[in-house]
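I have placed the structure first, in the form of structure tokens, so that the comments after it can refer back to it.
The values are calculated or read from the model by the stated rules, or taken from the named source; none is laboratory data. The structure presented is a predicted model; accordingly, all values stated were derived computationally and were not measured. Note that we place each Cβ from the backbone using ideal geometry, even for glycine, and neighbour counts take in every protein chain shown.
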Amino acid sequence: MSTLLVRHAALLVTMDDQRREIPDGGLYVQDGFIENIGKTEDLPKSADTILDLDGHILLPGLINTHHHFYQTLTRAVPAAQDANLFHWLKTLYPIWARMTPEDIYISTQTALAELALSGCTTASDHLYLFPNGSRLDDEIEAARQVGLRLHASRGSMSLGESQGGLPPDTVVDTPEQILRDSQRLIEQYHDSQPGAMTRIVLAPCSPFSVTGDLMRESAKMARHYGVHLHTHLAETKDEEVFCLEKFGKRPVAYMQSLDWVGPDVWFAHSVHVNNDEIGVYAQTGCGVAHCPSSNMRLASGIAPLWEWQRAGVRVGLGVDGSASNDSSHMLAEARQALLLARIRAGLLGASLSAEGAPPLLSARQALELATRGGASVLGRQDIGVLANGKCADFIAINLNHLGLAGALADPLAALVFCEPQTVDFNVVQGKFVVRDGELCTIDVPRLVEKHNQASMRLLS
């Protein structure tokens with residue numbers, strides 16, 4: 001047994017059902033799970049490891065529900081800087097086709113290092129192309145060294161240009177290959193137990209890059225093994241036109257026809273959905289990964305966050321790919337979600353009566369998306385809140401950072417309203433990933449050097 005005592009946090013934010021915020025708070029952890037939480041005076045006095053957090057705010061680790069780690073290799077590519085989604089993809093597909101297993105490994109560690117320093121403790125990644133012998137195994141092994149929890153999505157593309165899809169034929173696989181590898185990955189890596197560090201997700205890429213048959217067979221396999229399903233959906237108007245022309249249905253109706261709705265499904269984006277389709281999400285239990293920075297970067301639109309929440313849809317945050325966000329910062333994404341929701345509230349308020357206008361999203365609601373909301377979307381009962389019996393996944397930020405000066409009246413809200421901070425501590429299952437602002441598990445300067453070399457090779 002190993003024990004950890006965390007004490008004297010200026011403010012402990014639980015995000016539990018009562019939304020308790022505890023001054024001079026702390027945690028007592030045994031073997032990676034929280035055994036006691038409350039005011040410091042009520043906790044045990046000794047442990048194998050003691051962490052004093054005087055002057056820090058302590059809160060649950062943040063949860064990223066949608067990412068493409070490999071895209072850290074192609075950030076700010078000039079030809080893709082001013083393109084919408086379909087043109088952006090067309091520009092980058094040929095570059096991504098040159099990736100190797102080492103590129104997948106390096107980019108995974110780069111993205112996870114960024115996420116860890118920004119407060120993320122659990123990340124879901126969507127890897128959907130496997131050129132030159134690349135495998136999802138490369139990502140899983142890289143993530144284990146960093147120390148964050150990983151929901152590794154076995155993505156896929158089977159509908160190439162020659163069959164009417166968007167991706168070039170060089171980056172698609174056959175349905176047989178995809179399903180065979182999906183089964184192998186589930187059986188080798190998926191852990192359904194509380195505290196699991198690795199879970200597998202089946203994630204055909206999008207309606208414009210896979211066949212309906214592959215979607216159906218992936219759903220059957222996922223439900224046989226009890227794993228979750230994920231895909232991009234209703235991200236752009238182009239996708240809506242594609243689905244209407246090719247399938248005679250809007251994207252959500254198309255998913256319904258493929259048995260791709262339910263509490264084991266979550267969609268990335270869902271920007272272009274109407275009220276009836278939001279009702280389908282709410283009634284069937286589908287979740288959504290809200291990716292505001294990416295939607296803004298690619299001019300995809302503003303997602304209907306208020307309508308999702310009003311209908312009871314489960315919503316988490318996603319930083320999305322680092323070539324459509326160019327960043328992997330979870331606190332920055334929470335801030336972006338708040339600001340974009342307020343812009344939309346203002347736009348809707350101009351056309352609705354005062355009674356019908358949406359309220360302004362609060363800082364605490366934005367952080368709930370990044371904690372409780374993300375856990376719900378990923379189907380996790382063991383993370384997202386700080387409470388007895390939950391995983392010891394937490395972050396702490398020193399309130400004396402320059403960017404937080406003058407914000408002590410409400411330090412929790414300051415984490416969202418003020419300049420996005422990097423964390424001083426990041427602990428996953430009771431183990432330190434970040435300590436005193438430095439990543440414990442990875443040599444960051446060496447990683448950046450290798451990552452830049454790989455990126456330049458791809459772009460040359």
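Of the residues making up the range 62-95, those that are assigned to a loop (DSSP other than H, G, I, E, B) and either surrounded by 19 or more Cβ atoms within 10 Å (Cβ to Cβ) or of a type in the set (Val, Ile, Thr) (or both) number 5.
Could you tell me which residue of the range 283-297 is nearest to the chain's Cα centre (by Cα), considering only residues that are aliphatic (A, V, I, L, M) and under 15 Å from Leu233 (Cβ atoms)? Steps first, please.
Within the range 283-297, the subset aliphatic (A, V, I, L, M) is 288-289, 296.
Those still in the list that are under 15 Å from Leu233 (Cβ atoms) too: 288-289.
Numbers: Val288: 10, Ala289: 7 Å.
Restricting to residues being aliphatic (A, V, I, L, M) and under 15 Å from Leu233 (Cβ atoms), the top hit is Ala289.
Residues in the range 260-283 that are assigned to a helix (DSSP H, G or I), touching a strand residue (DSSP E or B) at 6+ places or on another chain (Cβ under 9 Å) and more than 13 Å from Val377 (Cα to Cα): 0 in all. Looking only at residues in the range 64-76 that are touching a Leu at 6+ places or on another chain (Cβ under 7 Å) and among the β-branched types (Val, Ile, Thr), the one that is farthest from His151 (Cα to Cα) is Thr74. Is it the case that some residue within the range 297-315 is closer than 30 Å to Gly195 by Cα, of a type outside the set (A, V, I, L, M), in the same structural domain as Phe69 (by TED's automatic domain parsing) and not in a helix (DSSP H, G or I)? For the range 297-315, residues closer than 30 Å to Gly195 by Cα, of a type outside the set (A, V, I, L, M), in the same structural domain as Phe69 (by TED's automatic domain parsing) and not in a helix (DSSP H, G or I): present. It is to be established whether one or more residues within the range 97-104 are crowded, with 23+ Cβ neighbours inside 10 Å, modelled with pLDDT of 95 or more and within 14 Å of the chain's Cα centre (by Cα). Checked against the condition, which is being crowded, with 23+ Cβ neighbours inside 10 Å, modelled with pLDDT of 95 or more and within 14 Å of the chain's Cα centre (by Cα), the range 97-104 yields no hits at all.
Restricted to the range 356-460, the set of helices (runs of 4 or more DSSP H) holding at least 3 residues that are not hydrophobic (A, V, I, L, M, F, W, C) comprises 363-368, 444-459. Assessment of the range 372-389 against the conditions (of a type in the set (Ser, Thr, Tyr) and under 26 Å from Cys440 (Cα atoms)) yields no matching residue. The number of residues in the range 281-313 that are out of contact with any Phe, Trp or Tyr (no Cβ under 7 Å at 6 or more places or on another chain), buried (at least 18 other Cβ atoms within 10 Å of the Cβ) and among the β-branched types (Val, Ile, Thr) comes to 0.
Within the range 127-181, how many residues turn out to be small (Gly, Ala, Ser), free of Cβ contacts under 8 Å to residues at least 40 places away in the same chain, out of contact with any Phe, Trp or Tyr (no Cβ under 8 Å at 6 or more places or on another chain) and assigned to a helix (DSSP H, G or I)? If you could, list the steps in order and put the result at the bottom.
The first filter runs over the range 127-181 and keeps only residues small (Gly, Ala, Ser), leaving 133-134, 142-143, 147, 152-153, 155-156, 158, 160, 162, 164-165.
From the residues that got through so far, the ones that are free of Cβ contacts under 8 Å to residues at least 40 places away in the same chain too are 133-134, 142, 160, 162.
Pick out the ones that are also out of contact with any Phe, Trp or Tyr (no Cβ under 8 Å at 6 or more places or on another chain) and you get 133-134, 160, 162.
Still in the running and assigned to a helix (DSSP H, G or I): 133, 162.
Qualifying residue count, the range 127-181: 2.
Scanning the range 5-20 for residues that are in a strand (DSSP E or B) and crowded, with 22+ Cβ neighbours inside 10 Å, which turns out farthest from the chain's Cα centre (by Cα)? This residue is Arg7.
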